[in-house]
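Working notes, beginning with the structure itself.
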Amino acid sequence: NELKLAVAVSQAIPDSAPVLVAVDYEASRAGEIEAAAAPLFDNMLLLKHPRLTFVSSNESGAILAERLMNGPLAFHVQNGVSYLNLGYLSGGQMGIRAFAQNPTSVAPSDVNGQPAWASPVLQNVTALNQFALIILLTDDADAARVWVEQTEDSRGAVPILVVSSAQSAPMIYPYYDSGQVAGIVSG
């Protein structure tokens, strides 16, 4: 049921809508998370052509985002899908909260040092509540808790989907049951 809702939420976004993807898992779980995430992203990219922006509160997240886009989703990149990688947000919980409150000042540049918010991918986006969807890729229930709780005030009605490892999914379900998470896809 939570998987069906995740797919329905990802299909309900407008065409070419901005989508924020929080990459927050360890490299050792990349295979499991990518296997769970790739079908969801593949479907969404084919049908809705979202403008993806990646950010991470994990030191290796920027590299894992590139691995996802140039591995399982390489077909889309080769066919013109552009995305933006904002890289690593330092500060853990406080870094996520600061980003939620003022993303343009907390992450002004992409991983290549270019002005991120002038990119076509982030056209007309200057606040968290201007994204159509937030997708969290995680292997850690505490990371899911932090992303849900620390962004709640800033994201407004923007839904969060969680793609999690099988190990952390049971601890994320209470957020789904309470409506704070719109759908879960687990590895």
* Structure fact -> With 0.36 nm assigned to each residue of separation and the Cα-Cα distance removed, Ser82 to Ala35 gains 14.8 nm
* Asked: In nm, to one decimal, how far is the modelled label at Ala166 from the one at Asp142, with both set 7 Å along Cα→Cβ?
  -> 2.4
* To do: Mind jotting down the distance between the C-alpha centroids of region 42-63 and region 83-104, whole Å?
  => 15
* Asked: Longest span of the chain, sites excluded, free of GluC sites (Glu not before Pro) in DSSP loop with at most 16 other C-beta atoms within 10 Å?
  -> 60-187
* Lys/Arg +1, Asp/Glu -1 at C-beta; the chain dipole; positive extreme among Pro120, Ala166, Tyr176 -> Pro120
* Asked: Given the chain, what percent of its DSSP beta bridges are antiparallel, to the nearest 5?
  -> 5
* Asked: To the nearest 20 debye, what is the magnitude of the charge dipole of region 56-158 about its Cα centre, counting +1 on the Cβ of each Lys and Arg and -1 on the Cβ of each Asp and Glu?
  -> 240
* Asked: Rounded to the nearest whole Å², what accessible area per residue is found for region 1-96 with the 1.4 Å probe?
  -> 43
* How far is it, in nm, from the label point at Ser178 to the one at Ser28 when both lie 7 Å from their Cα along the line to the Cβ? -> 2.9
* Asked: Just one of [x] 87, 42, 28; [y] 105, 29, 28; [z] 39, 36, 32 is Cα extents along the principal axes in Å as worked out from the coordinates here. Which one is it?
  -> [z]
* Extension gain (nm, one decimal) between Asn43 and Asn102, 0.36 nm per residue minus Cα-Cα -> 18.2 nm
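The values are calculated or read from the model by the stated rules, or taken from the named source; none is laboratory data. Here the structure is a predicted model, which is why all the values come from computation and not from measurement. Here the Cβ is made from the backbone with ideal geometry for all residues, glycine too, and neighbour counts use every protein chain on show. All accessible areas refer to the heavy atoms of the entire protein, side chains included, with ligands and DNA or RNA removed. Shrake-Rupley method; radii C 1.70, N 1.55, O 1.52, S 1.80 Å.
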